[in-house]
Amino acid sequence: MDVLLSDGRSSSFNRRPVHSSKELYRSNSPMKGSFLYSSEFHEAESLFLESAQRTLLFFGTVAELVLAGHVRVGDAYASFGFEAARRSGTLRALLNGHHDDGRWIQRTRVLSKVSGWASYNPGVNRRTRILIDLMWAQGARTGDLSPAYLLEAASTKAIYESGLQNRRRVRRHLRRSHGWFRSMWLAPRHLVHLRRAEIRSWSNPWGLAVGRTCDEVEEWLS
């Protein structure tokens, strides 16, 4: 699961020393002799791709067990969920094919390969996204995550209705995988759990209370 640390601090892809601009291109030719086209880069690229694929397959498997009720969300979170929630941006970058900070030309190339692999495995892609959302909601429930990040994410879910999209994704997946009757029994617990990471309202008593979360942000920053 080294891929979880692929934000630049530690990963299979970043075990080698950082190359300067002169080291990145060792000759006048834009291709010949460049690090991007060297065997060293291709070796690191292969390690990263293998790690990413194994991680996404693992998350997809765990997600199916959680959604089917064989594993509790809290148990999955206790095993690895905190790190998955904290690195949710990096995991989404693997699925989307780009990183928000836009660093590293070689990382852009590798992420596009991972996202291409994920697009040809829609079930793994969909279940991984669901698991990321469930782990984030559990982090909000337990208070493990930064209240500032939780409030920012909850506001984004409200503005762009991404929270609603996440819940629809869970409902559609359960209907497809388990049928209408069983999904009616499985879905409510997961839908309620996802709402813990959204803004509290009259229709969502399980969500984040804005006033209390703002107080937690001030306490966290003080």
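Overview of results
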| quantity | calculated |
| --- | --- |
| Residues that are on the phi < 0 side of the Ramachandran plot, in contact (Cβ under 8 Å) with a residue 40 or more places away in the chain and small (Gly, Ala, Ser), drawn from the stretch 64-84 | 68, 74, 76, 81, 84 |
| Matching residues in the stretch 178-215 - criterion: being more than 28 Å from residue 143 (Cβ to Cβ) and either of a type in the set (A, V, I, L, M, F, W, C) or buried (at least 16 other Cβ atoms within 10 Å of the Cβ) (or both) | 178, 180, 181, 183, 184, 185 |
| Residue 70 being modelled with pLDDT of 90 or more, over 19 Å from the mean Cα position of the chain (by Cα) and surrounded by fewer than 15 Cβ atoms within 10 Å (Cβ to Cβ) | yes |
| Residue that is nearest to residue 144 (Cα to Cα), among those in the stretch 190-210 that are free of Cβ contacts under 8 Å to residues at least 40 places away in the same chain and either under 21 Å from the mean Cα position of the chain (by Cα) or assigned by TED's automatic domain parsing to the domain that holds residue 135 (or both) | 192 |
| In the stretch 78-129, the residues that are surrounded by fewer than 19 Cβ atoms within 10 Å (Cβ to Cβ), basic (Lys, Arg) and at pLDDT below 75 | 103, 109 |
| Which listed residue is surrounded by 15 or more Cβ atoms within 10 Å (Cβ to Cβ), at pLDDT 85 or above, within 21 Å of residue 124 (Cα to Cα) and acidic (Asp, Glu), from 64, 50 | 64 |
| Subset tally (residues that are without any contact (Cβ under 8 Å) to a residue 24 or more places away in the chain and either basic (Lys, Arg) or touching a strand residue (DSSP E or B) at 6+ places or on another chain (Cβ under 6 Å) (or both)) for the stretch 157-188 | 6 |
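Here is a yes/no grid of residues against (1) in contact with an Asp or Glu (Cβ under 7 Å, 6 or more places away or on another chain); (2) among the hydroxyl-bearing types (Ser, Thr, Tyr); (3) part of a helix (DSSP H, G or I); (4) not assigned by TED's automatic domain parsing to the domain that holds residue 82:
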residue: 137; (1), (2), (3), (4): no, no, yes, no
residue: 151; (1), (2), (3), (4): no, no, yes, yes
residue: 157; (1), (2), (3), (4): yes, no, yes, yes
residue: 165; (1), (2), (3), (4): no, no, yes, yes
residue: 173; (1), (2), (3), (4): no, no, yes, yes
residue: 187; (1), (2), (3), (4): no, no, yes, yes
residue: 216; (1), (2), (3), (4): no, no, yes, yes
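The values are calculated or read from the model by the stated rules, or taken from the named source; none is laboratory data. Predicted model, so just to flag it, every value in this text is computed and none were measured. In this analysis, Cβ positions are derived from the backbone assuming ideal geometry, glycine residues included, and neighbour counts consider all displayed protein chains.
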